[in-house]
Structure formats: C-alpha cells, structure tokens
1. For the residues Tyr181, Tyr42, Tyr54, what sequence is obtained by ranking on other C-beta atoms within 10 Å, fewest first?
2. Please list, in order, the residues from the stretch 108-141 whose amide nitrogen is less than 13 Å from a point placed 7 Å along the Cα→Cβ vector of Tyr174.
3. Let me see the pair-distance distribution of the chain: every alpha carbon pair, 20 Å bin width, integer percents in order.
4. Using a cut-off of under 15 Å, list every residue of the stretch 362-378 whose amide N is near the label point 7 Å from the Cα of Trp311 along the Cα-to-beta-carbon line.
5. If you average 1/r over all unlike Cα pairs in the stretch 133-243 and invert the result, what Kirkwood radius do you get in angstrom?
6. Convert each backbone phi in the stretch 353-358 into a coupling constant with the Karplus relation 6.51 cos²θ - 1.76 cosθ + 1.60 (shift: θ = phi - 60°), then list the ³J(HN,Hα) values in order as whole Hz, x for Gly and Pro.
7. Given the Cα-Cα distance of Tyr221 and His71 and 0.36 nm per residue of separation, how much length would full extension add, in nm?
8. With the radius of gyration and the Kirkwood radius both derived from the Cα set of the stretch 266-339, what is their ratio Rg to Rh?
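Each value in this text was obtained by applying a stated rule to the coordinates, not by laboratory testing. All values reported here derive from a predicted model rather than from experimental measurement. Positions of Cβ are generated from backbone atoms using ideal geometry, with glycine treated the same way; all protein chains shown enter the neighbour counts.
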Amino acid sequence: MKYIQDYTVILKKRGTQEWTHNMNSFNDNLSKILEGNIRFNYQINDKHTLGMKYQPNKQLSPDGSRETYTHVTTDNQLYDEIYSTANNYTNDDWGHEINAYYNGIVGTANIDFNIDYFQNGSREYSNVKELSEKYENRNVHSIGDVKNRLVAGKLIVSLPLGKGTLAVGSEVTYTHRNDDYLNEENYVPTSYSKLEEINAAGFAEYSQNFPWGDWSVGVRYEQDKFGHFENNQHIDEQSRTFDNVFPHLSFSTKWGNIQTQLSYTAKTVRPSYQQLSNNVSYSDRFTQQKGTPTLRPTIIHDLSLAAVWKWLQLSLSYSQTKNWILYWGELTEEDGSQTMLSYRNWNKSIPTFSAFLSVSPKIGCWSPMIGIGVKNNGLQ
C-alpha cells in the first residue's frame, strides 16, 4: 500500500512570548502485507458444530519518510528556519490470530462459544535529521519496540422463556502490551512500559414479539482492571479498576408501510494503549508527545429513531458523551518554546444531535442514492 500526504500546519503558542510554527510536510509511506488463512469446520450432527481458523500475517519491509520545512517566529520576529527529514524502518514480527468456536443445542438451549488469541510485535527504527539556519543541527535516533498479546472468550446461552427468548452470557478479555522507547542521544528519556488489562463482563437480554411490535431489553455489567508498569515497577496511581452498567432497550413496529425502530443504548469507548502509554517520544526540538495513563473511558448514552418507507430512510439520534478524549498540548517552558502533546478527558458532557435522510429509488437497472445530513454538538 502506497500512502502519500502533503500538508501544512500552523501552530501558535503563547507563554511570555508568542511562538508561531508554520510547517510544510510531505509524507511518503510504503507497506506490503503477507497474509495466510487456514480454517476448518466440522458438523458433528444436526445439533453440534465446531471449527477453527488460523491467520498468520506480516508486514514486509514497511518504511516511510517525511520532509518538513518549518518557519519559526517569536513575537512576529524570525527565530529560525529548520529543514528536517525523518526516515523510519519497521521490522515487524509475524502476527498470529487464532479463533475457535462451538455452536450447539442442548435441550431447549442454544449455546454459542468463541475463543480468540492474537499476538504481534514491531520494532521501529527512526532517524530524524534537523538542519537549523541559526542554531545547532540535530541527528536523533530512536527505537520503538512494541509487543502485544490478547486472549478473549465469549459464551452466550439462549433459551425460550415465556413467549420470548432469554439470552445470558459472559465475556472475558486479557491483553498484555510491552511498549519500550529508546533514544540514543537522550533528548527524551528511555522508558520501558508494560500495560496489562483484564475485562470481565456479564450480560442478559430478553426479547419478545407482539402483534403490535417487537421488544428487546437488556443489561451488561463490566469490570475493567488496568495495570501500568514502568521499568518493571507497578505504578499504583496509574493502575485502576472501572465498574460500569450498560442498559439497552429497543422497540420496532410498522405503521402501514413505514417500518420504525426506537432504541436506547449505553456503551463505552476505551482509550487505546498508545493513548495510555507514558512513554515520551521526540517530534522535533520544540515538541514532544506522550500518552496519559490516567485517562478515563468515554461513556456514550444514545437515543435513536429510524424509519424506512419504500426507498426513503430517515434516522435521528441524540447522545450524551462523557469523558471525551481529545488531543492536548501543554507548555513545558514559561516562554512557550517547548510543548508536550498528550491526551486528556473533556470535563463536560457533550450533547450531540444528528439527522440523516437518504433516498435510494430504483430506476430501471439503476439504484442511485442521495443523502443529506446534519450533525451538531455542544462542544465549546
């Protein structure tokens, strides 16, 4: 896959001085992926089926380069002109994905069981050369070494109850990540991080069909334990446990030729390991970046209405988002010359309203689609 990007960024910072960085960058990246797939399915009889899939994958010689020209001013006076090149080479380990499943009927109960295993790793070598018109040149070498492992299992048992169906189940996920960053020149400190997470969930859902519509109601309980280690030392203040309850409810019915569905869901979006990592990486002589181990998961409450009439579709949604994660910059020097980029949770709940209308009539052998939508949030 070939990836080319040409862009301009203007960054303004204000400390005791006002700094402006006008950056023009050109990125060129190339990656090739080798994948395989081995699978089998076996039907024991009419009531029992099992199978397995194994998928190895590897990126072949992924590399990339970036050229950046930066015009820097302080209080509208020229501070420096910097030309930098960054060349990256990544040595990827073989990735391995394994999935096994069982589906069967025991008495009146339907059993669905899945288990997954995943692992991968990469070692990225980066060389950044900065040529300064007024100050010292820099040659920055860094290595980022990442290894990931995941094991997950999910069990769902569905059985008739009254005139409807009850589904109960459990889901457990364990992830382990080693994330090391080494800088030869020590412009940023070398760090060795380990992140471990165990997520356990139990859930139940009951659904029933009525002459006037179909109902479904359920609840999910999750406990998430997150452990953070630096140089093999457990960091208590960055290791936390979250307990959450997520209900959901849906109702669908028909009004003549109009099919409608009203639903409410509560869900979470957890920060990525990159966002949680405490490693500091080098961007340029003015900017460093890192993750934030104390990030809280984002919680979303969503109320949606959908309606379909022939070739006309309408969807309306109102949501409240708590602990939204945003990219954040903080000055690390009083004059504003140095910046640390990281992440933080927005401390206000964000309301969002969206409406989308699409038309997809069939005209002869053609099926054109036209859509229009609006989305508004209360982020200020």
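1. Sorted ascending by nearby Cβ count, the order is Tyr42, Tyr54, Tyr181.
2. Within reach of a label on Tyr174: 116-118.
3. Binned Cα distances yield the sequence 19, 47, 30, 5, 0.
4. Zone members listed by number: 362-371.
5. With all distinct Cα pairs of the stretch 133-243 included, I get 18.3 Å.
6. 10, 9, 9, 9, 10, 10
7. 48.8 nm
8. The Rg/Rh ratio comes out at 1.24.
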